[in-house]
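Q: Please find one structure pasted underneath; my questions will follow.
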Amino acid sequence: MRQQVSERRVRSVDIAGRERVAAASRLVVKVGSSSLTTPQGTIDVDRVDALVDVLAARAGNGTQLVLVSSGAIAAGLGPLGLTARPRDLATQQAAASVGQGVLVARYTSSFARYGLRVGQVLLTADDMMRRAHHRNAQRTLVRLLELGIVPVVNENDTVATDEIRFGDNDRLAALVAHLIHADALVLLSDVDALYDGDPRVPGAQRIPQVNGPADLEGVELGRSGRVGTGGMITKVEAARIATGAGVPVVLTSAAHAAQALAGRDVGTYFQPEGRHPGTRLLWLAHATTGRGRLHLDAGAVEAVVMRRKSLLPAGVTLVEGDFTAGDPVDLYSPHGTPVARGLVNFDAAEIPELLGRSTRELAANLGPEYERELIHRDDIVILDPTIESRSARHV
């Protein structure tokens, strides 16, 4: 069965789709820690130079490049005398503080061989969650590209907390690709492609192309990487984010970077979807974390998810969390399933008094400012698109 599925996938390779990567005028490339460092945790100069050789050649042809690079924590291990990635956040942040300078200095020196300059951009998830920060990050990155600079982007591990972390640079790279309207995203790691099983086990077959979720049914997604935080799961999730925004993705190893950027049949190509959601909705779905929960009755789930209506107080049965107006909150079905996320119009402390009551009744009793929805339909994103094809009673 595995062989039959693999053969079907091989036949579905879209060479024209890969040519979109070769022709991209604005490109985001993400490289993982294990592709840049030695087993001892120090920066591998030869690996960095080899990657920069490929990127500089592409930049020399006029392509605007953004490099999302892991490696700061790994680069800090050696100077700090650590033999393994620390588990506690404080030591990780200390390693990132030391390693970030080492990493950027190496990139600066390597790109300078080709007369290219780099600019460091450190982001936290909070920068994507807050609209003002989000727009500022976009303006900065675009301006750097206009000035001929290669932005080197990384998560700001030095100040990020568990609550405001991307968790991995794969997700960050996908969001950056959407943020700057990139033409393609290339994810580089120490694994050369997505396989239908553990690639270390004989018989595992490379999946050359993914056209949609159905192509991943039955695929085992294990973790990979030596010193990084990501794994194949995070890379597939990043590909889902990017392709959902209309950005094609290639996943392969750093050793195959040149072939991937040239549109060759290496790694795994993820076909973008036809729809192009607005920045606001993609930001809400993938760059925010719910600050609280609103539990909905079945009627409200149907109205919000199936009919794309605004959420009214009458459909909410329970409020959880401490949030303020304008924060993202998750919407849950009666069965405890998260179905959507939205930007709430009221503080958490205000909502219990509103539950189960119509907006007309609230306006009459509390004032005209209460004759409005808890969350407007334009500020709601469905978390699981497959929910829309089900009946609300099964959500």
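Q: Order His134, His181, His376 by their accessible area, 1.4 angstrom probe, all chains in place, largest first.
A: So the residues, ranked largest to smallest area, are His181, His376, His134.
Q: Still on this model: Could you do me a favour and compute the accessible area per residue for region 239-356, 1.4 Å probe, result in Å²?
A: Ligands and nucleic acids excluded, the figure is 38 Å² per residue.
Q: Further question on the same structure: Go through region 373-381 residue by residue and turn each phi into a ³J(HN,Hα) via Karplus (6.51, -1.76, 1.60, θ = phi - 60°); whole Hz please, and just put x for glycine and proline.
A: Residue by residue, region 373-381 yields 6, 5, 9, 6, 4, 6, 10, 10, 10 Hz.
Q: Would you please give the residues with an amide H less than 5 Å from that of Ile149, counting only those at least 5 places away or on a separate chain, with H modeled from the backbone geometry?
A: Placed amide hydrogens put nothing under 5 Å from Ile149.
Q: Here's a follow-up. Give the calculated FRET efficiency between Thr140 and Glu369 to the nearest 0.05, with a Förster radius of 45 Å applied to their Cβ-Cβ distance.
A: 0.75
Q: Which order do the peptides 239-245, 336-342, 174-180 come out in when sorted by mean C-beta neighbours inside 10 angstrom, highest first?
A: Ranked by mean Cβ neighbours within 10 Å, highest first: 174-180, 239-245, 336-342.
Q: List the residues, sorted by chain then number, that are 5 or more residues from Val339 or on another chain and whose placed amide H is less than 5 Å from its amide H.
A: Residues meeting the criterion, in which the H sits 1.01 Å from N, are Leu331, Tyr332, Ser333.
Q: Let me spell out the model: positive unit charges on the Cβ of Lys and Arg, negative unit charges on the Cβ of Asp and Glu, origin at the Cα centre of region 291-361. What dipole size does that give, in debye rounded to 20?
A: Dipole magnitude for region 291-361 comes out near 360 debye.
The values are calculated or read from the model by the stated rules, or taken from the named source; none is laboratory data. In this text, all values refer to a predicted model and were calculated from it rather than measured experimentally. As a convention, Cβ positions derive from the backbone with ideal geometry for all residues, glycine included, and neighbour counts pool all protein chains shown. Accessible surface areas use protein heavy atoms only, side chains included; no ligands, DNA or RNA. Shrake-Rupley method; radii C 1.70, N 1.55, O 1.52, S 1.80 Å.
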